[in-house]
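Engineer: What follows is a single structure, and I will ask about it in a moment.
The values are calculated or read from the model by the stated rules, or taken from the named source; none is laboratory data. Here the structure is a predicted model, which means the values were calculated and not measured. All Cβ positions, glycine included, derive from the backbone under ideal geometry; neighbour counts span all protein chains shown.
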Amino acid sequence: MPKAFSEKRYESMSYRRCGKSGLKLPALSLGLWHNFGGVDSAAAAKAMLRRAFDLGITHFDLANNYGPPPGSAELTFGRALKSDFKNHRDELIVSTKAGFRMGPGPYGDWGSRKYLLSSLDQSLKRMKLEYVDIFYHHRPDPETPLEETLGALEQAVRSGKALYAGVSNYDGPRTAQAAPLLKGLGVPLTIHQPSYSLFNRWIEKDLLDVAGREDVGLIAFCPLAQGLLTDRYLKGVPKGSRASKKHGFLKKDRITPEVVAKIERLDAFAKARGQSLARLALQWVLRDPRVTSALIGASKVSQLEENVKILTDAPLKEDELKKIDSLLG
Ligand SMILES: NC(=O)c1ccc[n+]([C@@H]2O[C@H](COP(=O)([O-])OP(=O)(O)OC[C@H]3O[C@@H](n4cnc5c(N)ncnc54)[C@H](OP(=O)(O)O)[C@@H]3O)[C@@H](O)[C@H]2O)c1
């Protein structure tokens with residue numbers, strides 16, 4: 001029998017409404033892109049999932065291709081669900097996606113109805129679930145009609161294999177097109193998953209406004225810029241860090257002297273506020289209520305424990321936000 005989860009798990013996390021839907025997400029959600037694949041320690045992965053849930057993190061984000069190898073993060077997650085979360089399915093928000101290359105041939109990539117619906121079935125099998133809470137189209141497809149892709153999301157919801165529909169990596173104009181189209185099909189676009197961090201502010205151009213206007217919640221991925229917005233790379237590339245790993249998506253050449261100088265300035269500012277840079281970066285992403293959740297990754301339990309401390313950190317004031325802008329310059 002697995003150890004019971006903490007009875008206090010809902011006491012400190014804050015849950016934020018996703019757009020104007022009934023769905024609430026924890027301020028911090030956990031993504032399984034790195035460190036949950038077949039190449040990673042299953043015990044470490046399970047420990048992180050368990051600790052996350054104990055800390056009130058109810059939302060776990062996956063995609064068909066997370067691994068490596070592709071699909072293995074869903075297998076890891078499915079096994080942990082079976083062994084440790086059996087009686088807690090109704091307390092979890094599980095998401096998955098399709099849209100990047102997953103299989104060979106013309107039906108294993110992009111945004112056709114054929115690919116999306118077969119991929120969702122495969123994801124459910126790997127996780128041994130009857131439904132996911134959120135099913136996303138992972139990236140825009142320049143060739144498939146948007147109506148077809150969105151029709152597949154609608155069918156996923158109508159069939160009961162997904163409860164909510166989402167898109168990821170769509171720009172402002174495409175999101176402005178997608179939201180009313182999906183609504184016209186009778187299924188709201190509940191959530192959008194864009195990248196967003198102190199180092200990557202593209203959504204401020206128009207997506208934030210579109211999401212606010214269309215009542216679409218935003219969940220910001222890579223809020224720590226894959227670990228750059230932490231103290232991880234202040235003294236080179238440590239062993240075991242994402243940038244040190246062959247299959248890691250953070251490449252060493254991103255850690256330029258200019259980037260390190262910015263990290264140092266932000267780190268000093270965070271320290272003066274009495275917090276770590278990771279916490280400052282997460283608070284910053286969540287300062288706008290249109291951002292429902294910050295979707296973090298982790299390689300160890302201690303990172304989760306550190307990051308949830310934002311729940312008691314002092315909110316960022318206007319003059320502090322201005323100062324942060326100047327430090328980024
Ligand atoms: N929709 C999309 O296209 C898309 C694309 C990318 C990601 N995502 C989603 O977003 C999730 C998060 O992405 P991400 O992992 O890149 O997010 P992230 O939160 O920006 O980076 C996570 C990494 O930061 C480091 N870290 C976290 N907390 C730390 C702390 N307190 N102190 C020091 N280092 C800390 C760890 O690096 P180390 O591993 O080096 O310890 C961790 O693996 C993914 O799992 C996935 O669900 C979606």
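Engineer: Being touching a strand residue (DSSP E or B) at 6+ places or on another chain (Cβ under 9 Å) and either among the basic types (Lys, Arg) or modelled with pLDDT under 95 (or both) is true for just one of 174, 113. Which residue is that?
Structural biologist: The unique qualifying residue is 174.
Engineer: Then there is this: Take the residues in segment 35-58 that are in contact (Cβ under 8 Å) with a residue 60 or more places away in the chain and aliphatic (A, V, I, L, M), then tell me which one is surrounded by the fewest Cβ atoms within 10 Å (Cβ to Cβ).
Structural biologist: This residue is 39.
Engineer: Here's something else I'd like to know. Checking residue 136 against (1) in a strand (DSSP E or B); (2) without any contact (Cβ under 8 Å) to a residue 40 or more places away in the chain, only one condition comes out false. Which one?
Structural biologist: (2)
Engineer: Tell me, please, whether a residue that is within 30 Å of residue 143 (Cα to Cα) and within 16 Å of the ligand (Cβ to nearest atom) can be found in segment 17-28.
Structural biologist: yes
Engineer: Tell me which of these residue 22 doesn't satisfy, since it passes every other one: (1) small (Gly, Ala, Ser); (2) touching a residue at least 12 places away in the same chain (Cβ under 8 Å); (3) closer than 20 Å to residue 220 by Cα.
Structural biologist: Residue 22 satisfies all of (1) small (Gly, Ala, Ser); (2) touching a residue at least 12 places away in the same chain (Cβ under 8 Å); (3) closer than 20 Å to residue 220 by Cα except (2).
Engineer: Please indicate, with yes or no, whether at least one residue in segment 44-60 is under 21 Å from residue 308 (Cβ atoms), of a type in the set (Gly, Ala, Ser), in contact with a Phe, Trp or Tyr (Cβ under 8 Å, 6 or more places away or on another chain) and in a helix (DSSP H, G or I).
Structural biologist: Yes, segment 44-60 has at least one match.
Engineer: Go through segment 190-233 and report how many residues are of a type in the set (S, T, N, Q) and either in contact with an Asp or Glu (Cβ under 7 Å, 6 or more places away or on another chain) or more than 8 Å from the ligand (Cβ to nearest atom) (or both). Steps first, answer last, please.
Structural biologist: Narrowing segment 190-233 to residues of a type in the set (S, T, N, Q): 190, 193, 195, 197, 200, 226, 230.
Retained after the next criterion (residues that are either in contact with an Asp or Glu (Cβ under 7 Å, 6 or more places away or on another chain) or more than 8 Å from the ligand (Cβ to nearest atom) (or both)): 190, 200.
The qualifying residues number 2.
Engineer: Scanning for something over 16 Å from the mean Cα position of the chain (by Cα) and farther than 21 Å from residue 8 by Cα, does segment 57-68 turn up at least one residue? Lay out the reasoning, then the answer.
Structural biologist: If we filter segment 57-68 for residues that are over 16 Å from the mean Cα position of the chain (by Cα), which is where we start, we get 68.
Now restrict to residues that are farther than 21 Å from residue 8 by Cα: 68.
Yes, because at least one residue in segment 57-68 is over 16 Å from the mean Cα position of the chain (by Cα) and farther than 21 Å from residue 8 by Cα.
Engineer: Select from segment 298-329 the residues that are surrounded by fewer than 16 Cβ atoms within 10 Å (Cβ to Cβ) and assigned to a loop (DSSP other than H, G, I, E, B) and list them in ascending order.
Structural biologist: Answer for segment 298-329, where residues must be surrounded by fewer than 16 Cβ atoms within 10 Å (Cβ to Cβ) and assigned to a loop (DSSP other than H, G, I, E, B): 300, 314, 315, 317, 329.
Engineer: Sticking with this one: Would you mind finding the one in 252, 239 that is touching a helix residue (DSSP H, G or I) at 6+ places or on another chain (Cβ under 6 Å), among the basic types (Lys, Arg) and more than 28 Å from residue 287 (Cα to Cα)?
Structural biologist: Sole residue among the options that is touching a helix residue (DSSP H, G or I) at 6+ places or on another chain (Cβ under 6 Å), among the basic types (Lys, Arg) and more than 28 Å from residue 287 (Cα to Cα): 252.
Engineer: Take the residues in segment 303-320 that are in contact with a Lys or Arg (Cβ under 9 Å, 6 or more places away or on another chain) and within 8 Å of the ligand (Cβ to nearest atom), then tell me which one is nearest to residue 95 (Cα to Cα).
Structural biologist: 304
Engineer: Considering segment 244-297 alone, what residues qualify as being among the hydroxyl-bearing types (Ser, Thr, Tyr) and not in a helix (DSSP H, G or I)?
Structural biologist: Matches in segment 244-297: 256, 276, 292, 293.
Engineer: Shifting gears a bit: Quick check on my filter: what residues within segment 200-228 are of a type outside the set (A, V, I, L, M, F, W, C), assigned to a loop (DSSP other than H, G, I, E, B) and crowded, with 24+ Cβ neighbours inside 10 Å?
Structural biologist: If the condition is that a residue be of a type outside the set (A, V, I, L, M, F, W, C), assigned to a loop (DSSP other than H, G, I, E, B) and crowded, with 24+ Cβ neighbours inside 10 Å, then 223 is the only one that fits.
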